1. Under 1.5 on a/c is rounded, so check that first for the range 199-257, then, if it is not, pick prolate when a/b is larger than b/c and oblate when it is not; a ≥ b ≥ c are the square roots of the alpha carbon gyration tensor eigenvalues.
2. Whole-Hz ³J(HN,Hα) for each residue in the range 373-390, computed from phi via Karplus 6.51 cos²θ - 1.76 cosθ + 1.60 with θ = phi - 60°, x for glycine and proline: what do you get?
3. Taking R0 as 22 Å, what's the FRET efficiency between Ala134 and Ala47 from their Cβ-Cβ distance, rounded to 0.05?
4. Work out from phi, with θ = phi - 60° and the Karplus expression 6.51 cos²θ - 1.76 cosθ + 1.60, the ³J(HN,Hα) of each residue of the range 188-201, listed in order in whole Hz, and give x for Gly and Pro.
5. Which order, highest average first, do 290-299, 172-181, 208-217 follow once you tally other Cβ atoms within 10 Å for each residue and take the mean per peptide?
6. Assuming 0.36 nm per residue, please report the length gained on full extension of the stretch Asn325 to Arg399 beyond their Cα-Cα distance.
7. Starting from the Cα of Asn275, step 7 Å along the direction of its Cβ; do the same at Asn62; then give the gap between the two resulting points in nm.
8. Run the simple label-point estimate for Lys336 and Asn465 please: 7 Å along Cα→C-beta, distance reported in nm.
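Read-outs: derived from the displayed coordinates by stated rules, not from any lab. Since the structure is predicted, the reported quantities are computational estimates derived from the model, not experimental observations. Reconstructed Cβ throughout: ideal geometry from the backbone, glycine too, with neighbour counts over all protein chains shown.
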Amino acid sequence: MRRSIKKFFTISTIAFVILYPCLFMYFQNADEAKLIDALPAFEKFLALAIVVFIICIIFMKNTGKAVLASDVILFILTNFNVFLSKVDHVIGRKKIIVILFFIIIMFMILVKKKIRSEQNICMLIGIYFLVLIAMNFFVALPTICSKLNYQKVENSENIEYVSEEKPNVYFFICDEYAGVEGLERYYNYDNRVFLKHIEENGFNISTTSHNYESCSTTVNIPNLLNLEYVASPDELEANNLKYMKNPKLYQIFKTNGYKINLINHTQFLDEDGCNVIATSDVVDTISTYILQKSIFQLIKDYKAEQIETSTDTQYYVSDLKNILNTMQTCYKMVDKEKPTLTIGYVSCPHPPFVIDEEGGAVDYRNTSNWADKSLYLNQLKYVNACMENAVDGILQNDRNAIIIIQSDHGVRYPYHMMECYGTPEYDATIETPYMQNILNCVYYQGKEMDIEGKSGINTLRIVLNEIFMTNYEMLDNPEKYLYQYK
């Protein structure tokens, strides 16, 4: 009986080895991810494990030795791209691949001819991975419990609408779109050509607006959609993201008889009770990042090199252009029977850098290349062109509309350069205000509106006070958050 249990545990170590990277990634991202998101990666690892074990059992002709060899080989293959990325710049990718596979073959020969206590070694491997899984589970447990105990945040505020005419409202959010100050500091770029175009169409523009609470999307957008500082950079993301559910902005407009149309890139906005006119079919999950660390990324890179582009990049470009195209034509989709609030979120010019200023795809290898400043600027220019078309389309068809164009935060260039390229740590006291400098523009039926220097939240409060004749007070800016990562 004990031998059967020991043999079963020995074979089970293969499962522990391929489970660990999946569970590790889930536990690290438990605030946002679901466990089922890791299933596609696990399925691929399981298929890989079956193939590796069959090869090993044929070569070893011994179950214990085949399991031991499989454990080690699978650990290498599931982390293959991690090993590769550490040293490929030193001696070259192809040489590293040859060396690693030579090591694997020599290890298999060693196990077959020299190892005599393979079951005990497998037991130690199994215990090691079980301990790692348990440790990561207990670290993630508070976050998992927070999600399980989550209850939708509801606001009971009801607003009486007193105006007879209800205008259509458009609220566009462009992720990581830098304000004038940030663009001039980090890119020496003058964005006033775009700003002048929309200003000539009656927009009020603030060049000195900042969202002081954070440079994080998962903090700033929940705050924008709730018109107050409900989310904090000091909280778990899971606690901040709960405020995305049925936020106050949705409730205010629904209470006042509005239909809500959503343009929802990366499926970031809550879609419940809304009319989704565009959403993302391509959304990265934790499986994406698990597989990126494994041998499967090497296979994908090889295929991409053969066709000189990445399939993932092609999908992302198509998805991004669909979102931006919908923003340009969303005025055609308003309800004819009731007023419509259209909220459009696009994760651009935020990376990945996939598109040039003309809308063409760029080299897939540059998706995270912050060192080439043209990549971010070209995406920003493409967004500018799309926003110009969206504004022109709306105003040609509905001069009585209200249009708000904002970003959640500015460009985080110093941080990305430090994180990706090892540049010296930046002075957060100096750089954070530039990274928090946002795009902030409002068209209110051609009327002048003083939004200069106002945060995104206070700008929305000013607009709502005008639309609904409410009396939202201006909120004090929170203490400036210094954008440094641990």
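1. Working: a/c = 3.34, a/b = 1.25, b/c = 2.68.
Oblate is the answer for the range 199-257, as a/c is 1.5 or above yet b/c matches or exceeds a/b.
2. For the range 373-390, the Karplus-derived couplings read 5, 5, 5, 5, 4, 5, 5, 4, 5, 5, 4, 4, 4, 5, 5, 4, 5, 5 Hz, x marking Gly and Pro.
3. Details: r = 26 Å, r/R0 = 1.19.
Computed FRET efficiency for Ala134 and Ala47 comes out at 0.25.
4. Karplus-based 3J(HN,Hα) across the range 188-201 equals 6, 10, 9, 8, 6, 5, 5, 5, 5, 4, 6, 5, 5, 8 Hz.
5. Details: 290-299: 19.2, 172-181: 25.1, 208-217: 22.3.
The most tightly packed comes first, giving 172-181, 208-217, 290-299.
6. Values: separation 74, 0.36 × 74 = 26.64 nm, distance 2.07 nm.
Roughly 24.6 nm would be gained on extension.
7. The two pseudo-label positions are separated by 7.1 nm.
8. A separation of 3.8 nm, rounded to one decimal place.
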